[in-house]
Amino acid sequence: MYSSSSPSRFGALPKIAVGVLAVVILVSMINPVRIVQSGTRGVITTFGKVDPEPLGEGLHFVMPFVNRVHMIDVRLQKNEGKGVAASKDLQQVAVSAALNWRLDPALVSQTYQAIGNEHAVAARVIEPAAQEATKAIAAQYTAEELVTKRTEVSSKIRDALEQRLKRHGVIVDSLAAVNYDFSAVFDKAIEAKVEAEQKKLTAERDLERIKVEAEQALAKARGEAESLKAKRLEVTPELLRLKQLENESDAIKKWDGRLPHYTGGGTPFIQLNSGGSATKQ
């Protein structure tokens, strides 16, 4: 009895599994709910036609079998690349750089319609534009200026990329790590010239320092001379006055206390005696 019923029961299991799977697929296909994750936008296509208004982050309802949602990453992307360019003085230089960019969330539907998702933008737009901008800007500078004006060159390449990419709905964030590789002979020539310039600047600074020190020493000597001259002018009158006082003091010390005698025609002479009485002659 058991042997006759077992095959039919086990034979029904695959049918049940197939039925459950079909229900799951059907539910997933007719599911009207779409969730747009943080840092992405949803581009809706209706029978292949792109809706110009993208879906923002969050929960959205769409029409099953009619609408399809394409998730596009609008977060910061990074592209690194290398290219060969020619400088203004016809030196061949290998340029490597890293570009940080992102898709404009408001224009992501137009970008998807014209180019595709973020991977297509990186391959079809970013890399060719970077090559073109780098070659155009490098041709405006000599090989030496590419090294000495690295920041200026990077800024101009970034501006050129921004102008080329904004029409595709791409926002340029920054251009970093711009490096140049020249031939070994040219590298040595640059190093020698830079070293010579550094020595020249050092010599000029030393000469300027010596000149300043000499001027300071001369100013100090002049100041001391003026000070000594001023002191002599101030002391000389005092010394003369002191000498005069000394002479007067010597005269006082030598005086015996007697007034001088005076005789004259017709004028009586008065002589003081030691006792204080006067006699007339």
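None of the figures in this text is laboratory data; all of them are computed from the coordinates on show. Not measured: the values here are computed from a predicted model. FYI the Cβ positions are ideal-geometry reconstructions off the backbone, even for glycines, and counts take in every protein chain you see.
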Modelling each spin label as a point 7 Å along the Cα-to-Cβ direction, I'd like the LYS199/GLU224 distance in nm, to one decimal. 3.8
For the pair ASN79 and THR142, the simple spin-label estimate (label points 7 Å beyond Cα toward Cβ) gives in nm 3.3
Which of rounded, prolate or oblate describes the stretch 77-182 when judged by the alpha-carbon gyration tensor and an a/c cut-off of 1.5? prolate
Sort 139-145, 107-113 by the packing proxy (mean of other Cβ within 10 Å over each peptide's residues), most packed first. 107-113, 139-145
Hey, what does the equivalent ellipsoid look like for the stretch 31-76, semi-axes from the Cα gyration tensor as sqrt of 5 times each eigenvalue, largest first, whole Å? 18, 12, 7
Ranking request for peptides 187-194, 99-106: highest mean number of other beta-carbon atoms within 10 Å first, then the rest in descending order. 99-106, 187-194
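With a sphere of radius 12 Å drawn around the Cβ of GLN198, what net charge do the other residues whose Cβ falls strictly inside it have (Lys, Arg +1; Asp, Glu -1)?
Values: positive: LYS193, LYS199, LYS200, ARG205; negative: GLU191, GLU195, GLU197, GLU204.
Every neighbour counted, the sum reads 0.
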What Kirkwood hydrodynamic radius, in Å, does the stretch 185-231 give when the mean of 1/r is taken over all pairs of distinct Cα atoms and then inverted? 13.6
Between LYS49 and GLN216, 0.36 nm times their residue separation minus their Cα-Cα distance comes to what? 51.8 nm
Segments 66-73, 220-227 sorted - mean Cβ within 10 Å per residue, highest first: 66-73, 220-227
Can you work out the Karplus-derived ³J(HN,Hα) for every residue in the stretch 44-59? Use 6.51 cos²θ - 1.76 cosθ + 1.60 with θ = phi - 60°, whole Hz, and x for glycine or proline. 8, 10, 10, 6, x, 8, 7, 7, x, 9, x, 8, x, 5, x, 9
